[in-house]
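Read the structure below first, then the notes.
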Amino acid sequence: AKNHADNDGWDVIDAEIAGKLTSGSSVRIVSHTVMSPSLLASINEFKGKFGNTELVQYDPVSSAALLDANQQTFGTRAVPSYHFDKADVLVAVNCDFLGTWIIPVHYARQYATGRKADGKKMSRHEQIESHMSRTGSNADNRILVKPSEQGQAILALYNEIVGGGAAASLPAEAHAKVRAVAAELTRNRTRGLVVSGPNNLGEQLLVNAINNAIGAYGHTITTDRWSMQRKGSDRAIAKFADDLAAGAVDAVIVLDGANPAWD
């Protein structure tokens, strides 16, 4: 649509856009994660008239691998409820859950509860990362690895707890430290929690398997209330780009805030 003067109402703008579309038009609505029920209802109403419409959601900092892993593990593509306050042993792999990861304010409050030495056991926090994060600065112990070794650290943890994975390639010192962390998790079954920040499907599947092996599900992680704060799909935005390149899209509507070319 052309630029409109301030006195043009939505009826004028809607009429101009609708005049360029037909019931068979291939339309893509591009947005960040949409949580608003009213906005989702409006999008579904739009789809009712223009049936060949797809909503393409993405997150500038993608959590798609975590969501896809949960889809494979649980059949639900969403973020489970993490209970940092219930974890006696917490292991985070390049996961800044106090600063930037998913719902940091909520997680920080839980974390603070578990870290209070008020007559009960204070949680033990192990951070595996390649840089100093806000979360890492609060850890009891940091295991420093290269960025290329973070996935190998998860694999090493998996091999120690679950077993059966390919041999992990880690320096001997880091491997020994990961082995010690695995022993801590094993001793604290149902009271351990492992979280991982990297957007890597294989790594997130390994983390799910580790949490399952230590009995975290139903205790430090619950799946009865899912968080829908991240819905972005890397596959969906890649397919959208392919469809554009193939000339298979007639119209694109970008919702306020979204800017995939920049993000």
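The values are calculated or read from the model by the stated rules, or taken from the named source; none is laboratory data. This structure is a prediction, so every number in the text was calculated from the model and none was measured. Backbone-built Cβ (ideal geometry, glycine too); neighbour counts: all protein chains shown. Accessible surface is based on the protein model in full, side chains and every heavy atom, while ligands, DNA and RNA are left aside. Shrake-Rupley method; radii C 1.70, N 1.55, O 1.52, S 1.80 Å.
Observations
- The residue of region 91-127 that is farthest from ALA153 (Cα to Cα), among those that are part of a loop (DSSP other than H, G, I, E, B) and among the basic types (Lys, Arg), is LYS120.
- Cβ pairs under 6 Å, 6+ apart, first in region 119-142 and among the polar types (S, T, N, Q), second open to solvent by 70 Å² or more (accessible area, probe 1.4 Å): GLN127/ARG142; SER130/LYS146; SER130/PRO147
- First in region 212-227 and farther than 17 Å from TYR107 by Cα, second anywhere and assigned to a loop (DSSP other than H, G, I, E, B), Cβ under 8 Å, 6 or more apart: ALA213/VAL162; ILE214/ASN188; ILE214/ARG189; ILE214/THR190; GLY215/ARG189; GLY215/THR190; GLY218/THR190
- Region 174-215 - residue that is aliphatic (A, V, I, L, M) and in contact with a Gly (Cβ under 6 Å, 6 or more places away or on another chain) and, of those, surrounded by the most Cβ atoms within 10 Å (Cβ to Cβ): LEU185
- Qualifying residue in region 145-161 (condition: in contact with an Asp or Glu (Cβ under 7 Å, 6 or more places away or on another chain) and open to solvent by 60 Å² or more (accessible area, probe 1.4 Å)): no
- Only residues that are farther than 30 Å from GLU126 by Cα and either of a type in the set (S, T, N, Q) or assigned to a loop (DSSP other than H, G, I, E, B) (or both) were counted in region 38-90, giving 9.
- Residues of region 54-69 include none that is without any contact (Cβ under 8 Å) to a residue 24 or more places away in the chain and on the phi < 0 side of the Ramachandran plot.
- Residues that are free of Cβ contacts under 8 Å to residues at least 40 places away in the same chain and either open to solvent by 30 Å² or more (accessible area, probe 1.4 Å) or among the small types (Gly, Ala, Ser) (or both) within region 164-173 comprise GLY164, ALA166, ALA167, ALA168, SER169, PRO171, ALA172, GLU173, listed in sequence order.
- Candidates ALA258, ALA248, ALA236: the one that is in a helix (DSSP H, G or I) and either touching a Pro at 6+ places or on another chain (Cβ under 9 Å) or not charged (D, E, K, R) (or both) is ALA236.
- The one condition in (1) more than 16 Å from PHE74 (Cβ to Cβ); (2) surrounded by fewer than 14 Cβ atoms within 10 Å (Cβ to Cβ) that GLY218 fails to fulfil: (1)
- Residue within region 128-141 that is assigned to a helix (DSSP H, G or I), surrounded by fewer than 21 Cβ atoms within 10 Å (Cβ to Cβ) and modelled with pLDDT of 95 or more present: yes
- Pair list, Cβ under 7 Å, 6 or more apart: region 236-263 residue open to solvent by 80 Å² or more (accessible area, probe 1.4 Å), other residue of a type in the set (Lys, Arg) and assigned to a loop (DSSP other than H, G, I, E, B): none
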